[in-house]
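I have placed the structure first, in the form of structure tokens, so that the comments after it can refer back to it.
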Amino acid sequence: MFRIRKAIVTLALLAPFLVKADDLDIYLDNALASGWENWSWGTTLDFAATDLFEGTSSISVNSAAWSALSIKLEGTFPNYAGLRFDIAGDNPDVTIYIQSTGDNNQSPSIPLSAFGQTVTANGFTSLLINFSDLPGTGSGSDTWDRITFQGGANGAAYHLDNIILVESIVVTPEFLSAEPFANNVIAVTTVGAVNFSDVSVTLNQQALSVSSLNTYSPPDTPSHTITYLNLATSLAPGALLIAAGNTTFNWTLPAVQYASIVPQVNHSINPHIYGVNFPTDAGYVSNLGIPMSRWGGNAVTAYNPFGGFTNAGNDWYFENRASDSADDWVGWVEGAGSDTMMTIPALDWVSKDATSYSYPASVYPDQASFDPYNSNAGNGLFPNGSYITPVPSQNNAYVPWNTTAAKQWLSGLQNKPTIVTVDNEIEIASNTHQDMHPV
């Protein structure tokens, strides 16, 4: 067994943080802290591992592909500044996200690689996620209650220890960059409460005066601030030096170059080229200026708009579940400023309710795995990876779907999408939705 020391690294170049009495422990030794539940899936866990640890034990995590260690609080954690955790592993492929189980509000996904550090198997590295750094989220959500460490396509094996929600984070004021931005503008990026009286600008060894300041906090990096220094005189070719606190930024401004540009393509790119699938909320849409939002993917292949049901196929044990309304979704997304693309189911079946599933253990006991939250719902595969046979009756979980039903749904929409698309990738439906469209 190994008791080791660790290095401290943060996601946003922060100073060391303070651990206070108001911090909320999630895991320290041997078990999850009181009030926390194990909501993991596809993962082998040991909450009292002693092969590598600090204190008396750690959590040993071995997740299959796309599976995760997931922990949920009985309640919410709205007033915390960040998440601290110690991790050891051979640079594991892990992505972290935080969410609300009640309203599906979710933070951006944070790959371990975003910390810019190599995580090793023989010692812990302490990492800190500052909630103020999360794009489109700022200080976090008042309904967050779940934290997930999800493995990638090849799974992930690692150890975790000292998982803590921290009440406050001390940020050292710092000038991160300073650069010429326009004819008479300098853009300065900072974190923390810096003092702009410590900033001076010289061009060819002559001081330039600043006539005014304008400050902006980008929604994609809310903990950073960009301040635009409006100079009293225009910039010119030569050596530009910007002194900011104890840091200097040097630039060589070239002489003006004149040329003629004759583009071969003279039309703009359609903004509908760019977008996201299922934006989390209206603030996310408006902050990032998303031009196109999509209602689509495996999660809506079996969407039944007349009952508000769907089934994600082999993404989650071929189980029916309740779904948000596509009509309502189009309404709030377009209200936030984005155009919408809505998918129409294209197979012959859609979910009949919010509770049925296709591969019950009572009928198919010999399956590779079962839903950890519903032990009777299987994944439709034999232990050797082949498809379960005989194929279940589609009537167990679905009702028929056809063009008449699609027309009825579309004609009754209160909120009309910008674009309507027909569900695609029919060539893989025999895998992703093998129960309704078998080989």
Computed FRET efficiency, Cβ-Cβ of T76 and S286, R0 30 Å: what is it to the nearest 0.05?
-> 0.80
Relative contact order of the chain, defined on C-alpha pairs under 8 angstrom at six or more residues apart (%) = 12 percent
FRET efficiency, 1/(1 + (r/R0)^6) with R0 45 Å, evaluated for D90 and S212 via beta carbons | 0.30
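What shape does the stretch 163-268 take by its C-alpha gyration tensor, where a ≥ b ≥ c are the square roots of the eigenvalues and a/c under 1.5 counts as rounded, a/b above b/c as prolate, and the rest as oblate? Display every interim value, and only then the final one.
Values: a/c = 2.64, a/b = 1.40, b/c = 1.89.
Oblate is the answer for the stretch 163-268, as a/c is 1.5 or above yet b/c matches or exceeds a/b.
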Ignoring ligands, DNA and RNA, what percent of the 1.4 Å accessible area of the chain is carbon and sulfur?
-> 52 percent
Could you work out which residue, out of S109, S34, S369, moves most in a Gaussian network model of the chain, that is, has the largest mean-square fluctuation with Cα springs under 10 Å?
-> S34
Any idea how far apart F47 and T189 come out in nm if each label point goes 7 Å out from Cα toward Cβ?
-> 4.1 nm
One finds the C-alpha centres of the stretch 231-275 and the stretch 354-393 to be spaced, in Å, by 59 Å
Residues of the chain: accessible area per residue at 1.4 Å, in Å²?
-> 49 Å²
Can you give the calculated 222 nm mean residue ellipticity of the chain, where each DSSP H run of n ≥ 4 adds -39,500 (n - 2.57) and the sum is split over every residue, rounded to the nearest 500 deg cm²/dmol?
-> -2000 deg cm²/dmol
Rounded to one decimal in nm, the spacing of the 7 Å Cα→Cβ label points at S369 and Y274 is 3.7 nm
Whole number please: convex hull volume per residue, Cα atoms of the chain, in Å³.
-> 198 Å³
If you line up the long axis of helix 326-335 against the longest principal axis of the chain, both from Cα atoms, how many degrees apart are they, to the nearest 10?
-> 10 degrees
Relative contact order for the stretch 68-160, counting Cα pairs under 8 Å that sit 6 or more residues apart, in percent = 48 percent
C-alpha center-to-center spacing [the stretch 21-44, the stretch 294-346] in angstrom = 32 Å
Once both labels are modelled 7 Å past Cα along the beta-carbon direction, what's the N395-T172 spacing in nm?
-> 7.1 nm
Largest fluctuation, S168, S63, S351 only, Gaussian network model of the chain with Cα springs under 10 angstrom, belongs to S168
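The values are calculated or read from the model by the stated rules, or taken from the named source; none is laboratory data. What you see is a predicted model; the values in this text were computed from it and never measured. Note: ideal-geometry Cβ built from the backbone for every residue, glycine included; neighbour counts use all protein chains shown. Just so you know, the surface numbers come from the protein's heavy atoms only, side chains and all, with ligands and any DNA or RNA stripped out. Shrake-Rupley method; radii C 1.70, N 1.55, O 1.52, S 1.80 Å.
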